[in-house]
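Remarks on the structure that follows.
No value in this document is a laboratory result; all are computed from the given coordinates. The model shown is predicted, which means the values in this text are computed figures rather than measured ones. All Cβ positions, even for glycine, are placed from backbone atoms using ideal geometry, and neighbour counts span all protein chains on display.
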Amino acid sequence: MAHDRVALVRLLDVERQATYFRAGEIQLAPGMHCVVDHGGPRLGVVVEEVQSGLELGGQLEPVLRIATPADIDSHRFNEADADRALKSTRATVARHGLPMHLVAAEYSLDRRLLRIFFTAPHRVDFRDLLRDLANQYGTRIELRQMGHRDETRLRGGYGRCGVEVCCHRFLREPKPVPMEYAYDQELFVSPERITGVCGRLMCCLAYEREAYLAELAQLPKLGSQVRVGDKQGKVVSHSIFRRTVTVLTEDRDRIEVDVAEVTPLPPQKPPK
């Protein structure tokens with residue numbers, strides 16, 4: 001069976017996403033710079049080359065060429081010029097009185113497209129702004145609205161742990177983190193303590209969730225009735241790392257004991 005040659009390329013744009021492209025006859029190797037067609041020519045770095053199934057490569061955008069020194073110089077110039085364009089665009093947005101917070105900007109390698117990322121509290125009618133920007137820069141303009149989590153992913157920052165935020169460092173597609181993840185880990189704390197710099201729950205709450213659920217499945221549930229020696233009471237908390245439970249006894253004492261010393265009791269039936 002014939003195979004198509006496909007390359008996984010990390011784009012050197014604002015979003016830094018890795019995407020598969022059709023390599024064709026171009027010989028690529030990991031770490032090599034190349035130019036791909038992704039809504040216009042863009043510079044990227046080859047992550048790996050793979051063989052895909054029959055005709056799958058035909059459905060992908062192509063690798064145009066191995067990047068030349070001129071391509072790399074153009075990319076660096078465009079990055080600096082996009083920063084200047086972002087500052088100028090902020091003044092234009094202010095003249096239009098739009099509630100837009102500009103985050104980043106980038107040119108395609110051939111400068112035929114200028115993409116501008118922004119956040120806003122609601123949908124914005126930017127048609128007049130778009131016309132002004134097209135006249136100002138003499139190129140096609142794309143305005144892309146994003147959320148606060150996406151803004152942090154693009155701009156970066158440091159979390160409570162003192163390390164650069166995960167979404168900028170290695171998480172290319174952060175997923176929503178519901179409050180349920182904190183409950184699963186019995187983090188009964190104020191939301192501010194588990195909120196990231198983006199204003200949303202921290203992504204790291206998802207990393208160990210499955211391990212917590214597996215451990216909690218071996219412990220008596222909160223609120224369940226148990227027996228400890230000659231005492232009976234209700235489970236009010238767990239310590240997963242120490243593998244202990246805290247029991248509130250019938251005489252209102254709180255005792256912390258190893259899970260092996262606890263005997264679960266059947267649920268009590270409500271009186272008729």
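Relative to the Cα centre, the charge distribution of the chain, modelled as +1 at Lys and Arg Cβ and -1 at Asp and Glu Cβ, gives a dipole magnitude of about 800 debye.
Exposure proxy shown here: for LYS221, LYS175, the number of other Cβ atoms within 10 Å sets the order, fewest to most, as LYS175, LYS221. Can you tell me what share of the DSSP beta bridges in the chain is antiparallel? A percent to the nearest 5 is fine. Here the antiparallel bridges make up roughly 85 percent for the chain. Legend: ranking of residues ILE141, ILE194 from fewest to most surrounding C-beta atoms inside 10 Å; resulting order ILE194, ILE141. Descending by average beta-carbon neighbour count within 10 Å, the peptides 17-24, 165-172 line up as 17-24, 165-172, the highest first.
Looking at segment 4-67, the DSSP beta bridges with both ends there are about 95 percent antiparallel.
Kindly identify the chain as rounded, prolate or oblate by the Cα gyration tensor criterion: order the square roots of the eigenvalues as a ≥ b ≥ c, call it rounded if a/c is under 1.5, otherwise compare a/b with b/c, prolate if a/b is larger, else oblate.
prolate
Our note on the geometry: Cα centres of segment 136-162 and segment 205-239, 42 Å apart.
A Gaussian network model of the chain, with springs between Cα atoms under 10 Å, assigns the largest mean-square fluctuation among GLY138, GLY31, GLY223 to GLY223. The GNM of the chain, with springs linking C-alpha atoms under 10 angstrom apart, assigns the highest mean-square fluctuation among HIS101, HIS122, HIS38 to HIS122.
Among ASP128, ASP251, ASP110, the largest mean-square fluctuation in a Gaussian network model of the chain (Cα springs under 10 Å) belongs to ASP251.
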